[in-house]
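J.: My structure is below; once you've seen it, I'll send some questions.
The values are calculated or read from the model by the stated rules, or taken from the named source; none is laboratory data. For clarity, every value in this text was computed on a predicted model and none was experimentally measured. Backbone-built Cβ (ideal geometry, glycine too); neighbour counts: all protein chains shown.
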Amino acid sequence: MGKKDINIVNEVLRKEIIDYAAKMFMLQGIKDVKMDDIAQGMGISKRTIYEQFSDKKELLFNCLEYIQRNISQKALPYIQDPKHNTLEIILFLYCSYLDILNKVNRKFFTDLAKYPEIVEQKEKRERLNERKFMAWIKKGVEEGLLRKDVNFDIVQYILKRDIDLLSTTDQFPDYTPEELGRSFILFYLRGIATDKGQAIIENFIRPLKKDKQ
């Protein structure tokens, strides 16, 4: 086997490890998943994993990049579809994130705080997303979907705070993050939308209401 073939094999193996580890981290939390668990679950040796990743922190970093990349790739077709207006895109992204929260163990987020370097990278990515969000907000105002008389810097700060709370809180044991988050949609977005925007919100959430009936 040539060097090129070895590199291809290693790249495939690396992706398989990242995919499997990411799923385990999200389902069980980071702390409770050992490198031995990943190796046993994949039917490979722990040494094989360490040949690809120097430690658990490097593997976790790659898992977060992998998760973010998958989210972006799934959202891109919806964002690029010209039939969707700005408010629909904001609603879609918000609901997509809530769906993910609903499938992820809260321990994943609390455990993540123990890796400050990774948290720093995560916060950098979030700041980039916040700039994109504000650009969509501005476009939504121009389209007459969002109110002009709103301080969106404050709205974004409160929204981020509450999303972070949904990721880690145990204060609402009878409700899923998805259920709580959809209530926030009505609370925040209805408050900043124009009459035209209100109609779009109602059309968007109507199927969600049917799903819960």
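J.: Can you tell me which residue among Val33, Val104 is free of Cβ contacts under 8 Å to residues at least 24 places away in the same chain, among the hydrophobic types (A, V, I, L, M, F, W, C) and surrounded by 16 or more Cβ atoms within 10 Å (Cβ to Cβ)?
T.: Every option except Val33 fails the conditions.
J.: If you go through the stretch 189-213, how many residues are at pLDDT 80 or above and in contact with a helix residue (DSSP H, G or I) (Cβ under 8 Å, 6 or more places away or on another chain)?
T.: Total satisfying the criteria: 9.
J.: I've got another one for you. From the list Ile38, Ile90, exactly one residue is surrounded by 14 or more Cβ atoms within 10 Å (Cβ to Cβ), modelled with pLDDT of 95 or more and of a type in the set (A, V, I, L, M, F, W, C). Which is it?
T.: Matching residue, one of Ile38, Ile90: Ile38.
J.: Okay, next question. What are the residues in the stretch 192-204 that are in contact (Cβ under 8 Å) with a residue 24 or more places away in the chain and part of a helix (DSSP H, G or I), if any?
T.: Those that are in contact (Cβ under 8 Å) with a residue 24 or more places away in the chain and part of a helix (DSSP H, G or I): Ile192, Lys196, Gly197, Ile200, Ile201, Phe204.
J.: Can you tell me which residue among Ile67, Ile49, Ile44 is under 30 Å from Trp136 (Cβ atoms), free of Cβ contacts under 8 Å to residues at least 60 places away in the same chain and surrounded by 13 or more Cβ atoms within 10 Å (Cβ to Cβ)?
T.: Testing whether each residue is under 30 Å from Trp136 (Cβ atoms), free of Cβ contacts under 8 Å to residues at least 60 places away in the same chain and surrounded by 13 or more Cβ atoms within 10 Å (Cβ to Cβ) leaves just Ile67.
J.: Another question, if that's okay. Just to verify a result, which residue in the stretch 102-127, among those that are within 17 Å of Ile163 (Cβ to Cβ) and among the acidic types (Asp, Glu), is farthest from the chain's Cα centre (by Cα)?
T.: Among those residues, the one meeting the criterion is Glu123.
J.: All but one of (1) touching a Lys or Arg at 6+ places or on another chain (Cβ under 9 Å); (2) under 27 Å from Arg190 (Cα atoms); (3) free of Cβ contacts under 8 Å to residues at least 60 places away in the same chain hold for Leu98; which doesn't?
T.: (3)
J.: Now for a different question. Among the numbered conditions (1) at pLDDT 85 or above; (2) in contact with a helix residue (DSSP H, G or I) (Cβ under 9 Å, 6 or more places away or on another chain), tell me where Pro177 comes up short.
T.: (1)
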